[in-house]
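The values are calculated or read from the model by the stated rules, or taken from the named source; none is laboratory data. Fair warning: this is a prediction, and the values are worked out from it, not measured in the lab. Note that we place each Cβ from the backbone using ideal geometry, even for glycine, and neighbour counts take in every protein chain shown.
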Amino acid sequence: MFKTLLNFRPRMRSEWLSVLTAVYLLLFMNGTFWAKSSVYLKGDGLTLFALGIGLLAAFIALIVTFSAKYLIKPALILLIFAGVAGAWFMDRFGIIIDGEMIRNAMETNQAEAGHLITSAFILHMVLFGILPSLFIAAVDIEHRPILKKVAVNMMIILPCLVVFGLAGLSNSGTFIFNIRQHRDWFRTLNPVFPMASAAGFFIGESKEQTIVVQPLGTDAKVVEEAAAGHRKPRVTVVVVGETARAMNFQLGGYQRETNPELSKRDIVYFTDTSSCGTATAVSVPCMFSVFGRTDYSHAKAMATEDLMDVLAHAGIKTEWWDNNTGDKHVADRIRKTDFFKSNDPRFCSGGECLDQILVDGLDTWLDKVDGDAVLVLHQLGNHGPAYYLRYPSEFGKFLPDCRSVDFDTCTPETITNAYDNALLYTDHILSEVIDKLGSHGDRLDTAMIYMSDHGESLGENGLYLHGAPYLFAPKEQTHVPFVLWTSPGLRLATGIDKPCLSAKADEPHSHDNLFHSVLGLMRVKTSVYDPALDIFAACRSGVSS
């Protein structure tokens, strides 16, 4: 009898297995979508019912399409796994899995991915993904002859499409209004939108393989001030922050002391700065691109040289030091060092390094500089969800701090504490950079520009982390800190009026300013330079501030 039970395989028609899978995906893997639907259609139970009936019909029609011998089981298992994984991240963090989120996932490293693949995630995948998939694999499917199979499938698909159409038309006004008002709504329909996004991403990636990079700013040259005579080399360090949001910066009015060291430095803090994107894979290449946010696309960035190339054309030494997940092709044609691949036990553990590793060799690098230079430091910063790993213990000022990557085990207060501790550490790193640059003032004119690539959600409106589509991304993910420090020698040599910059600190700025401001700061003349986007252009005088 026991042997008989082990050998038992449920028998089922392929179309019924498809219907069962459709019901499972729509009802159990769409918690976020149905939560939004109940809010957006609040008080309109009839429309909500029509939505459910219409989508169920559409899911059945879609999945029955794969109801064919040799195709059905792999297709259904793929849909199950995609739906279960998508549900975890959407329901847990409130994210939307669009093309850029797929890009982030593809460009991540093992350590970063490990913070998301937790034991709770694995259990979720086992219970809701592997077990249903084992059932599908075990089913003894009854297949009809091919012609009859096509006929039966069409007898299911066509009526379902009619039901879907009628459900939509019966409440079309309500649906159209809410879709326009809430563009995030159907982007959470799982696994339809995530899989469509993945398909679009891979199609785009295949096209980008044939891209030939076009030169930019080959006419660039350094302009010498009149009667400047012999001058010191100019050195600018651009610090690209990670996941730092402006609303938690003390410099911008945050009540906590997250910037105690920068507050004592002679800096300018720009209070109203917007990011180009909400994820590293978008913001970093966009920051260094000649294209502003409204004109930017990944394909255009891949096909065009960037700020680092223009600086190199001008004869300026350019270099990129990375402690994140890579330069996102910005430094493809210049010297770069990936510090995140280091095994230095002083700073590194588990495939990630503290940002101190970026500062450790800065004095030595500065000692060797003998001409104009721009160095980019790409931080690991506040990259989540493992905020507690981004700072050494002595920077654990705000306690208790969340010591887990599973936010369900932490309170909102402890999550914010860990996040703020990481900002406190970034404050220290930036202050060290400033001090090291200042200590070389006897022979170098120096500056530091800090911009975070994007912000972060810490539970506001049910959202965590980042990567929301920019169209409806919350300000927590798009309002970023922007810090400027210039040495007295550089201001004197280039005529920068610091009080003028300070007076403009509350005006709107964005990542669009970085490209042209660095060119302006380094006194690079080129046809691709736009003085309207250079923060220094309107603040130059004949004397130092």
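Contact annotation: residue pairs with Cβ atoms under 8 Å, 6 or more positions apart or on different chains, pairing a residue in the range 84-102 that is in contact (Cβ under 8 Å) with a residue 24 or more places away in the chain with a partner that is part of a loop (DSSP other than H, G, I, E, B) and of a type in the set (Asp, Glu), are Ile96/Asp184.
Search the range 387-445 for residues being among the polar types (S, T, N, Q) and within 30 Å of Pro233 (Cα to Cα), and hand back the single one that is surrounded by the most Cβ atoms within 10 Å (Cβ to Cβ).
Step one: list which residues in the range 387-445 are among the polar types (S, T, N, Q), which gives 393, 404, 409, 411, 414, 416-417, 421, 426, 431, 439.
Remaining after also requiring within 30 Å of Pro233 (Cα to Cα): 426, 431, 439.
Details: Thr426: 30, Ser431: 21, Ser439: 12.
Per the stated criteria, the residue is Thr426.
Check whether at least one residue in the range 129-137 is assigned by TED's automatic domain parsing to the domain that holds Gly83, within 30 Å of the chain's Cα centre (by Cα) and assigned to a helix (DSSP H, G or I), and report yes or no.
Keep residues of the range 129-137 that are assigned by TED's automatic domain parsing to the domain that holds Gly83, which gives 129-137.
Restricting the remaining residues to those that are within 30 Å of the chain's Cα centre (by Cα) gives 129-130.
Of the ones still in play, those that are also assigned to a helix (DSSP H, G or I) are 129-130.
Within the range 129-137, one or more residues are assigned by TED's automatic domain parsing to the domain that holds Gly83, within 30 Å of the chain's Cα centre (by Cα) and assigned to a helix (DSSP H, G or I).
If you scan the range 103-118, which residues turn out to be without any contact (Cβ under 8 Å) to a residue 12 or more places away in the chain and part of a helix (DSSP H, G or I)? Scanning the range 103-118 gives Ala105, Ala113. Number of residues in the range 412-470 that are more than 22 Å from the chain's Cα centre (by Cα), polar (S, T, N, Q) and under 23 Å from Asp360 (Cα atoms) equals 3. Here the range 307-336 is the region considered, the condition is being assigned to a loop (DSSP other than H, G, I, E, B) and charged (D, E, K, R), and the residue that is nearest to His378 (Cα to Cα) is Asp327.
Each row is one residue, and each column tells you yes or no for (1) under 18 Å from Ser452 (Cα atoms); (2) within 13 Å of the chain's Cα centre (by Cα).
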{"site": "Thr271", "(1), (2)": "yes, no"}
{"site": "Ala279", "(1), (2)": "yes, yes"}
{"site": "Cys286", "(1), (2)": "yes, yes"}
{"site": "Ser289", "(1), (2)": "yes, no"}
{"site": "Gly292", "(1), (2)": "yes, no"}
{"site": "Ser297", "(1), (2)": "no, no"}
{"site": "Met302", "(1), (2)": "no, no"}
{"site": "Glu305", "(1), (2)": "no, no"}
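Would you check if Phe193 is within 26 Å of Cys286 (Cβ to Cβ) and aromatic (Phe, Trp, Tyr)?
Numbers: within 26 Å of Cys286 (Cβ to Cβ): yes; aromatic (Phe, Trp, Tyr): yes.
Spelling it out, Phe193 is indeed within 26 Å of Cys286 (Cβ to Cβ) and aromatic (Phe, Trp, Tyr).
Only residues that are closer than 19 Å to Gly315 by Cβ and of a type in the set (Asp, Glu) were counted across the range 364-396, and they come to 2.
Confirm whether Ala303 is assigned by TED's automatic domain parsing to the domain that holds Val284, closer than 21 Å to Val213 by Cβ, surrounded by fewer than 22 Cβ atoms within 10 Å (Cβ to Cβ) and small (Gly, Ala, Ser).
Values: assigned by TED's automatic domain parsing to the domain that holds Val284: yes; closer than 21 Å to Val213 by Cβ: yes; surrounded by fewer than 22 Cβ atoms within 10 Å (Cβ to Cβ): yes; small (Gly, Ala, Ser): yes.
Against the criterion (assigned by TED's automatic domain parsing to the domain that holds Val284, closer than 21 Å to Val213 by Cβ, surrounded by fewer than 22 Cβ atoms within 10 Å (Cβ to Cβ) and small (Gly, Ala, Ser)), Ala303 qualifies.
For the range 243-266, give me the residue count where each residue is assigned to a loop (DSSP other than H, G, I, E, B) and closer than 20 Å to Ala418 by Cβ.
Start the filter on the range 243-266 by keeping residues that are assigned to a loop (DSSP other than H, G, I, E, B), which leaves 243-245, 249, 253-261, 265-266.
From what's left, closer than 20 Å to Ala418 by Cβ: 243-245, 249, 254-261.
Of the residues in the range 243-266, 12 are assigned to a loop (DSSP other than H, G, I, E, B) and closer than 20 Å to Ala418 by Cβ.
Can you find even one residue in the range 529-543 that is crowded, with 22+ Cβ neighbours inside 10 Å, in contact with an Asp or Glu (Cβ under 7 Å, 6 or more places away or on another chain) and either of a type in the set (Ser, Thr, Tyr) or touching a residue at least 40 places away in the same chain (Cβ under 8 Å) (or both)? Among the residues of the range 529-543, not one is crowded, with 22+ Cβ neighbours inside 10 Å, in contact with an Asp or Glu (Cβ under 7 Å, 6 or more places away or on another chain) and either of a type in the set (Ser, Thr, Tyr) or touching a residue at least 40 places away in the same chain (Cβ under 8 Å) (or both), which makes the answer no.
Just to verify a result, which residue in the range 5-25, among those that are modelled with pLDDT of 85 or more and among the basic types (Lys, Arg), is farthest from Leu62 (Cα to Cα)? The extreme case among them is Arg11.
Considering the range 340-358, the residues that are assigned to a loop (DSSP other than H, G, I, E, B) and among the charged types (D, E, K, R) include one that is farthest from Leu430 (Cα to Cα), namely Asp344.
Candidates in the range 96-151 are the residues that are among the acidic types (Asp, Glu) and farther than 25 Å from Ala473 by Cα; of these, the one that is modelled with the lowest pLDDT is Glu142.
Looking only at residues of the range 139-196 that are in contact (Cβ under 8 Å) with a residue 40 or more places away in the chain and hydroxyl-bearing (Ser, Thr, Tyr), we find that the one that is surrounded by the fewest Cβ atoms within 10 Å (Cβ to Cβ) is Ser170. Among the candidates Val480, Val528, the residue that is β-branched (Val, Ile, Thr), under 30 Å from Cys402 (Cα atoms) and under 29 Å from the mean Cα position of the chain (by Cα) is uniquely Val480.
Of the residues Asp401, Asp453, Asp442, which is in contact (Cβ under 8 Å) with a residue 40 or more places away in the chain and among the charged types (D, E, K, R)?
Asp453
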